[in-house]
1. A374 fails exactly one of the following numbered conditions: (1) out of contact with any strand residue (DSSP E or B) (no Cβ under 7 Å at 6 or more places or on another chain); (2) closer than 20 Å to E134 by Cβ; (3) open to solvent by 10 Å² or more (accessible area, probe 1.4 Å). What is the number of that condition?
2. Tally the residues that are surrounded by 20 or more Cβ atoms within 10 Å (Cβ to Cβ), over 20 Å from H342 (Cβ atoms) and of a type in the set (V, I, T), restricting the search to the stretch 255-274.
3. Which one of K147, K167 is of a type in the set (D, E, K, R), in contact with a Ser or Thr (Cβ under 7 Å, 6 or more places away or on another chain) and in contact (Cβ under 8 Å) with a residue 24 or more places away in the chain?
4. Pull up the stretch 171-213, narrow it to residues that are β-branched (V, I, T) and either away from the ligand (no atom under 16 Å from the Cβ) or not in a loop (DSSP other than H, G, I, E, B) (or both), then point me to the one that is nearest to the chain's Cα centre (by Cα).
5. How about the stretch 42-96: which of its residues are in contact with a Phe, Trp or Tyr (Cβ under 8 Å, 6 or more places away or on another chain), of a type in the set (S, T, Y) and within 16 Å of the ligand (Cβ to nearest atom)?
6. Would you point out the residue of the stretch 214-227, among those that are open to solvent by 10 Å² or more (accessible area, probe 1.4 Å) and in contact (Cβ under 8 Å) with a residue 40 or more places away in the chain, that is nearest to the ligand (Cβ to nearest atom)?
7. Within the stretch 115-124, identify whether any single residue is polar (S, T, N, Q) and in contact (Cβ under 8 Å) with a residue 12 or more places away in the chain, and answer yes or no.
8. Answer with yes or no whether T252 is away from the ligand (no atom under 16 Å from the Cβ), surrounded by 17 or more Cβ atoms within 10 Å (Cβ to Cβ) and among the hydroxyl-bearing types (S, T, Y).
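The values are calculated or read from the model by the stated rules, or taken from the named source; none is laboratory data. Nothing here was measured: the structure is a model prediction, and the numbers come from that model. Using ideal geometry, Cβ is built from the backbone for each residue, glycine included, and neighbour counts are taken over all protein chains shown. Surface areas here come from the heavy atoms of the whole protein model, side chains and all, with no ligands, DNA or RNA. Shrake-Rupley method; radii C 1.70, N 1.55, O 1.52, S 1.80 Å.
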Amino acid sequence: MAILFVATHYTPVHASRAINQSLPMNYQLIPKELRPIAEKVEARQRISEQDALALYEANDLNALGMIANVARERKNGNYATYIHNRYINYSNICILSCQFCAFAAKKRDAHAFEYAIDEIVQAVSDALPLGVTEVHMVGGLHPSLKKDWYLELLGRLRALDPHLHIKAFTAIEARHLAQRVFKMPLRDTLEILREAGLGSITGGGAEIFDSAVRDQICHGKETAPEWLDVHRTWHSMGGRSTCTMLYGHIETLAHRTDHLRQLRQLQDETGGFTGFVPFAFEPTQSHGILAHIKRASAFEQLRNLAVSRIYLDNIDHLTAYWVSLGLPLAQVSLSYGVDDLHGTILEEKIFHMAGATTPQQQTIAALEHAIREAGREPVQRDSHYRHISPKANGTHATPASAELACA
Ligand code: SF4
C-alpha cells in the first residue's frame, strides 16, 4: 500500500521567498486611490468591504496583482500546489432545475445518466495505480437513490484504499441526504457519512449568496444561511471544506463583495475553510434570464482572483479552477494571488456539459510545467492543501505532453 509523506521539501529552484515573507510593494506602480488599501495589506491590516469594492472597480490589473501577490507570498511563499485527483459525477439526475445548470437532467431526459456502484468503484480503482490521492464526487439531488446506496458507495471506495481521501457532496446534497434520504438531522447524517468514509465535503453550491440573485439563477436551491450552516456544522465536527463563488452572470460587484464578506465571517468563526475556489459562469448553453450573458473576460477573472486574495485574509489558499479559466490563464493567475492550480481531475463533466472547451483532465507534468514556467515552485498537495510527496507508484507524464497541454 502506498504511503503519503508530509513533504520534506527538496531545495526549491525558485523559492527564494519563504512563507510569511513577501517582496515590498513598489508604490510608484500603484494608483493613488489604491495606495491606502495597499498600505493596509502591507501592514497586515484587514481591508473593509468598501475597500474590496474599490478594488473590484479598479482597472489597473497589475496593481491589483502586485497587492494580491503580497498576501499570496506571505501565506504561501513561492510555492504553487496541485492535487492528483479523480472526479466522479455519480448521476446528473436532479429534482431541482437551477437556471444556470446545464448538467442536471430529469430521469426521462436523453442526457440523464446514473452510474452503478460497481462502475464508480471500477473507475476509482483504475485511477489508484496512477497515484491519485483524492476522489472528488458530486451529483444531482437524486430522487430515488437510497441511504444504503450512498453508504455502500462510500464504504466500497474506502475499502479500495483507506488513505484515499473521499471529498464528496455539496452543501445542497448534504441537506438533500439529511432531509429526504436519511431523514435525520444534518449533523447526524454527516456523522454517518463520515463514519462510512467521507473525508470532506465540497465547496460547491454557494453560487452568489444574495437572495434576490439566487432566486433568479437557482430558484429552490438552499439559501445562503443554509449553505453556511452546512459548512458551520461540518467544521464544528472537526471537518474541513473548501468554499466557492459562481460569478460573471447577473450579480453586481456589490453582490460579490457581500459573498466574500459572508465567507470571511464564517471563517472567522470556524477556521474550517482550507481554500477558496471561485469560478466564472459558463454561458455556452445558457438560456432564459442568462441567455444574454457573455463569458467573463480574462481581465475580469484575474481581477476577481486578485480581489479575493486580498480580501479573504483568513483563508490560506486560493485556487484557480483551470477547467473554467483554461490552463494558460490559470498559469498567469499565479501572479495575481493564486497559489493552487487545483488538480488533474481526470474526467470533468459539469463545466463540459455546459460547453467548456478546456480539456477534461491535466497531467501532473502539465501542471508542474505551467507552475515552473510562471516562476513558482510546484508541490503536490493533499485534500487539505498540505504538501505531500507523490505516491511511489504515481505516474508522471512526459514533459512533451506538458508542453502540448500548455500551448
Ligand atoms: S446546480 Fe446542482 S442542485 Fe441545481 S440543478 Fe444543477 S445539479 Fe441540481
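1. For A374, the exception is condition (2).
2. 1
3. Within the list K147, K167, the selection yields K167.
4. I201
5. Y90, S91
6. K221
7. no
8. no
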